[in-house]
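Below is one structure; the comments refer to it alone.
The values are calculated or read from the model by the stated rules, or taken from the named source; none is laboratory data. Quantities reported herein were computed from a predicted structural model and do not represent experimental measurements. Positions of Cβ are generated from backbone atoms using ideal geometry, with glycine treated the same way; all protein chains shown enter the neighbour counts.
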């Protein structure tokens, strides 16, 4: 038998938060559709209260050192996955701070090829300072991954600016029959990640958008406004493509395990971050909308504060409608089944296109106003405040 129960809640709820803090291993499953680094501080705060959060991450990054890896090995991007693993790792466990230092290390961007290869060789041999200080057996496992990468690395591979953590995860992907889940699971256990981190899809795909001025842009690195000029026109449509050259639409479906994670979540959050490339991108695979609609838990949108180069002129209401449009397209459901709440800081938050609370409420969304932006975090959302508000809704 399945029934729906409604109740009044206090946010933040000190009593509930204290219960979670005392037994985080029994904490709620808050699920995030996410990417990038926008949730890094929130993730670090979240593990104080729950070790059961679920992070479905976009694997479509096509810029920087990720582009070099993806071109060489025809694989999904792993950088955002690495970022989230490190944010959720228990830093009190012996060896974890050392692994964090290694995984966040980058080789010099303008280094000489022989010097860069020499540094990687030193890591594989275990004589590099960053590797030498990691205790066994973690050191041996990581060294094996370095050797694996060196064996598979093309002769012309550009190591300049490479993230060491990305190289290790790439080696694990290649040695596990081109599957990300096994290597992500392995390192989650090694550094005791307090939650679940997985790619939404395990495919070598890219993002493409059509703008209101008629242009089509292919590649996340050209959409975010970080490695190229910000978009001057609004995004009209977004889809997945198998090639940076063609932009042809392709469809892919989420795995059954991803459906299960969405289905068991106690709360589903569309969090702050680059709106299209980090949040909406996670909703494009077949099955996401249906899985979200089938779960009767609270579903909440927390829009980013400040300027997002991907959403010129868009209000919070505009963004909520875009979320629902993509989810409904898959789910065949109404707004209320895929999104119920919009959490904003109307007093301290700066929303480039405004909030438009009236239109949000007309669409059936409950607007929750809360002090999310603190003096220390301004103009961004405070990670502790956000985690406490979300957990209080569970």
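All of (1) part of a loop (DSSP other than H, G, I, E, B); (2) under 29 Å from the mean Cα position of the chain (by Cα); (3) free of Cβ contacts under 8 Å to residues at least 40 places away in the same chain hold for residue 108 with one exception: (3). Scanning the stretch 370-384 for residues that are under 12 Å from residue 302 (Cβ atoms) and either more than 19 Å from the chain's Cα centre (by Cα) or outside the structural domain of residue 41 (by TED's automatic domain parsing) (or both) yields 370, 372, 373. Given the structure, is residue 116 surrounded by 19 or more Cβ atoms within 10 Å (Cβ to Cβ), more than 19 Å from the chain's Cα centre (by Cα) and not assigned by TED's automatic domain parsing to the domain that holds residue 277? Yes; evaluated as a whole, the condition is true for this residue. Yes or no: residue 156 assigned to a loop (DSSP other than H, G, I, E, B) and either touching a helix residue (DSSP H, G or I) at 6+ places or on another chain (Cβ under 8 Å) or not assigned by TED's automatic domain parsing to the domain that holds residue 40 (or both)? So residue 156 fits the description; yes. Every residue in the stretch 169-181 that is closer than 18 Å to residue 126 by Cα and within 19 Å of the chain's Cα centre (by Cα), please. Correct list: 169 only. Filtering the stretch 224-272 to residues that are at pLDDT below 95, under 25 Å from residue 39 (Cα atoms) and surrounded by 14 or more Cβ atoms within 10 Å (Cβ to Cβ) leaves 224, 225, 226, 227, 228, 231, 234. None of 364, 353, 313 is modelled with pLDDT of 95 or more and either in contact with a strand residue (DSSP E or B) (Cβ under 8 Å, 6 or more places away or on another chain) or part of a loop (DSSP other than H, G, I, E, B) (or both) except 364. In the stretch 236-251, the condition of being within 30 Å of residue 123 (Cβ to Cβ) and without any contact (Cβ under 8 Å) to a residue 40 or more places away in the chain is met by no residue. Selection over the stretch 333-350 of residues that are part of a loop (DSSP other than H, G, I, E, B) and over 19 Å from residue 12 (Cβ atoms) gives a count of 4. Among the residues of the stretch 320-342, is there at least one that is in the same structural domain as residue 29 (by TED's automatic domain parsing) and over 30 Å from residue 255 (Cβ atoms)? Looking for residues that are in the same structural domain as residue 29 (by TED's automatic domain parsing) and over 30 Å from residue 255 (Cβ atoms), one finds none in the stretch 320-342, hence no.
Scanning the stretch 184-211 for residues that are farther than 20 Å from residue 32 by Cα, part of a loop (DSSP other than H, G, I, E, B) and at pLDDT below 95 yields a single hit, 191.
For every residue, the table says whether it meets (1) surrounded by fewer than 17 Cβ atoms within 10 Å (Cβ to Cβ); (2) on the phi > 0 side of the Ramachandran plot; (3) in contact with a strand residue (DSSP E or B) (Cβ under 8 Å, 6 or more places away or on another chain).
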residue	(1), (2), (3)
9	yes, no, no
14	yes, no, no
26	yes, no, no
32	no, no, yes
39	no, no, yes
47	no, no, no
72	yes, no, no
76	no, no, yes
87	no, no, no
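Scoring residue 158 on the criteria (1) free of Cβ contacts under 8 Å to residues at least 40 places away in the same chain; (2) more than 27 Å from residue 38 (Cα to Cα) leaves a single failure, condition (1).
Test residue 361 against the stated conditions and say whether it is without any contact (Cβ under 8 Å) to a residue 12 or more places away in the chain and surrounded by fewer than 17 Cβ atoms within 10 Å (Cβ to Cβ). The answer is yes for residue 361.
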